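A.B. asks: Structure below; questions to follow.
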Amino acid sequence: MKKTAKVVINVLVGAIALVGVGLGGFLILNMLGVFETSNQNKPDKAKNLQYDDKNYILSWDAVEEADSYYISINDDDDYFETSENSYFYVVKDSITTFKVQALAEIENEDGSTSLYKSDWSETLTYTIPENEVSYASVNAFVSTMMPSNCKLVKLVNISIEDNELLTNAVFERNSELKVYELRTGYNDNIDSIYDAIYTNNVGTEIIDYYDIANYNSAESLLKSNSYVGQMEELRQQGYSFEVVSQQVGKYRNDNSSFQIYATYKAINGEDIKYINNTTLVGVPNTSPNEKTNYTTRVENPEDRILYEEYFKILSGDEINVAKDMEEANIPFVFKIN
């Protein structure tokens, strides 16, 4: 509910009053509270910022007068806004700074509203612990794989294969979002994500990249209860699947062929596996409705063709990263401006 402002005398009227009553009269009026400044409606400053690096939640003490909050990350002027005194954010830099500003909407006597902002909170600086492998540290590492004009939006999966690091991630570049297939090479042997992060690499190669289709097609595929390749072999063995993270790339812009990149959790009783998988999907008879091709058609085996392009059962600290992703509850789709 918007709060109501007290009466504020127009500056011109105040000037006339000064002429009529003199300085002494102005002081009396001011003491009576007739003249006010915007500071009297300014909400208190947010306090006690904390960052939970297990659940990826920035939180602070609620400000009683606040209707919403701005969050500035790394002093970026493009603020995030939330109505709660917490914000989900996976750090993507080794050092990340947070500031919070409380906002209060005041309803004026004429029915209009004015927005009052608190001072910025004290800055919270969060540093990813060195020599620790987590979803946060992997995000920070993946952020360095692409040129500086590319902003990491979402890590989909990451794993080691034949002494190379294979990564699927969504980056924003020149105001465009694309899902990238990346391959990072090493001269020395790497056997873990830890090795990949803390061993000098010889560079990252863009294998391929596609426009994104912002649909939860990995979950749609689950509804069909049928796969191909090694995913289907596991299903035949009694495993069921849950999606940990996913993203769809438009292999063709006519919506007839696309890639589903995903990290899955495979469950068979007490046996649990984490899997990175890329499935190529073909839709021979496309629908004019884009969403239908990425959801309904994917669920019906008669309406699509599947090809398992990549499959990897994760091991070692690859599993730890996948579990971190699962706990962070990574959104399967995201807002596109």
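Values in this text are rule-based calculations from the coordinates and carry no lab data. Note that the coordinates shown come from a computational prediction; the quantities given were computed from them, not determined experimentally. Using ideal geometry, Cβ is built from the backbone for each residue, glycine included, and neighbour counts are taken over all protein chains shown.
A.B. asks: Within 9 Å, Cβ to Cβ, of PRO284, how many net charges do the neighbouring residues add up to if Lys/Arg are +1 and Asp/Glu are -1? Can you show the working numbers first?
C.D. replies: Details: positive: ARG304; negative: ASP303.
Combined, the nearby Lys, Arg, Asp and Glu give 0.
A.B. asks: Lys and Arg at +1, Asp and Glu at -1: add these up for the other residues within a Cβ distance under 13 Å of ASP317 and post the number. Before the final figure, lay out each step's value.
C.D. replies: On the way: positive: LYS323; negative: GLU132, ASP191, ASP195, GLU318, ASP324.
Net of charged neighbours comes to -4.
A.B. asks: Another question about this same structure. Within the chain, what is the longest stretch that has no trypsin sites (Lys or Arg not before Pro) placed in a DSSP loop and near at most 13 other beta-carbon atoms within 10 Å? List each step's numbers first, then the result.
C.D. replies: Numbers: sites that count: LYS2, LYS6, LYS47, LYS54, ARG252, LYS335.
Within the chain, the longest run free of exposed trypsin sites (Lys or Arg not before Pro) spans 55-251.
A.B. asks: Give the Kirkwood hydrodynamic radius (Å, one decimal) of the chain, defined as one over the mean of 1/r across all pairs of different Cα atoms.
C.D. replies: After inverting the pairwise mean of 1/r, the radius is 23.4 Å.
A.B. asks: Quick one: compute the contact order of the chain, relative version, from alpha carbon pairs under 8 angstrom and 6+ residues apart, as a percent. Walk me through the numbers on the way to the answer.
C.D. replies: Values: 672 pairs, mean separation 40.6, N = 337.
Computed value for the chain: 12 percent relative contact order.
A.B. asks: On to the next question. Taking the Cα-to-Cβ direction at PHE88 and at THR127 and moving 7 Å from each Cα, how far apart do the two end points lie in nm?
C.D. replies: Between PHE88 and THR127, the simple spin-label model gives 2.9 nm.
A.B. asks: Shifting gears a bit: Using the Cα centre as the reference, give the magnitude of the dipole from point charges on the C-beta atoms of the chain (Lys, Arg: +1; Asp, Glu: -1; all else neutral), rounded to the nearest 20 debye. Intermediate values should be presented prior to the final figure.
C.D. replies: Details: 27 positive and 53 negative charges, 177 e Å.
I would put it at about 840 debye.
A.B. asks: Another one. What FRET efficiency comes out for GLU308 versus SER148 if R0 is 45 angstrom and r is the Cβ-Cβ distance? Round to the nearest 0.05. Spell out each step's value before the answer.
C.D. replies: On the way: r = 35 Å, r/R0 = 0.78.
The computed FRET efficiency comes out at 0.80.
A.B. asks: Work out, step by step, the length gained on full extension between GLU64 and LYS291: first 0.36 nm times the residue separation, then minus their alpha carbon distance; give nm to one decimal.
C.D. replies: Working: separation 227, 0.36 × 227 = 81.72 nm, distance 4.26 nm.
That works out to 77.5 nm of additional length.
A.B. asks: Can you put VAL333, VAL170 in order, fewest other beta carbons within 10 Å first?
C.D. replies: Working: VAL333 15, VAL170 21.
Placing the least packed residue first, the sequence is VAL333, VAL170.
A.B. asks: Could you list THR279, THR286, THR97 in order of exposure, starting from the residue whose Cβ has the fewest other Cβ atoms within 10 Å? List each step's numbers first, then the result.
C.D. replies: On the way: THR279 23, THR286 17, THR97 14.
Listed from fewest to most nearby Cβ atoms, that is THR97, THR286, THR279.
A.B. asks: Give the residues of the stretch 100-139 whose amide nitrogen is closer than 20 Å to a point set 7 Å from the Cα of ASN200 in the direction of its Cβ.
C.D. replies: What the label zone holds, given the 20 Å backbone N cut-off, is 131.
A.B. asks: So if we plug the beta-carbon distance of GLU233 and GLN50 into 1/(1 + (r/R0)^6) with R0 = 35 Å, what FRET efficiency do we get, rounded to 0.05? Kindly include the intermediate steps, with their values, before the conclusion.
C.D. replies: On the way: r = 45 Å, r/R0 = 1.29.
The value I calculate is 0.20.
A.B. asks: Further, regarding this structure: Once a ≥ b ≥ c are taken as the square roots of the eigenvalues of the Cα gyration tensor of the stretch 287-337, is the result rounded (a/c under 1.5), prolate (a/b larger than b/c) or oblate (a/b not larger than b/c)? Before the final figure, lay out the partial values.
C.D. replies: Numbers: a/c = 3.55, a/b = 1.56, b/c = 2.28.
Judged from the Cα gyration tensor, the stretch 287-337 comes out oblate (a/c at least 1.5, b/c at or above a/b).
A.B. asks: Span-like helices, the chain: DSSP H, alpha-carbon axial extent 15 Å or more, mean Kyte-Doolittle 1.6 or greater, which ones?
C.D. replies: On the way: long enough: 11-31 (19 Å, 2.27); 317-328 (16 Å, -0.89).
TM-like helix candidates: 11-31.
A.B. asks: Sorted from fewest to most neighbouring beta carbons within 10 Å, what does the list ILE160, ILE73 look like? Let's see the in-between values first.
C.D. replies: Working: ILE160 22, ILE73 18.
In order of increasing Cβ crowding within 10 Å: ILE73, ILE160.
A.B. asks: Using θ = phi - 60° and the Karplus form 6.51 cos²θ - 1.76 cosθ + 1.60, what ³J(HN,Hα) does each residue of the stretch 86-103 get, whole Hz, x for Gly and Pro?
C.D. replies: Values per residue, Gly and Pro as x: 7, 8, 7, 7, 8, 5, 10, 10, 5, 10, 10, 10, 10, 9, 10, 10, 7, 10 Hz.
A.B. asks: In the neighborhood of ILE207, defined by Cβ-to-Cβ distances under 13 Å, what is the net charge if each Lys or Arg adds +1 and each Asp or Glu adds -1?
C.D. replies: On the way: positive: LYS178, ARG183; negative: GLU161, GLU164, GLU181, GLU205, ASP208, GLU309.
With Lys, Arg at +1 and Asp, Glu at -1, the neighbours total -4.
A.B. asks: Would you look at the GNM of the chain, springs on alpha carbons closer than 10 Å, and say which of PRO147, PRO129, PRO43 moves the most?
C.D. replies: Comparing PRO147, PRO129, PRO43 in the GNM, the peak value goes to PRO147.
A.B. asks: In the structure shown, do any of LYS47/LYS335; LYS154/LYS273; LYS154/LYS312; LYS151/LYS273; LYS178/LYS335; LYS54/LYS151 have a Cα-Cα gap over 25 Å, and if so which?
C.D. replies: LYS47/LYS335; LYS151/LYS273
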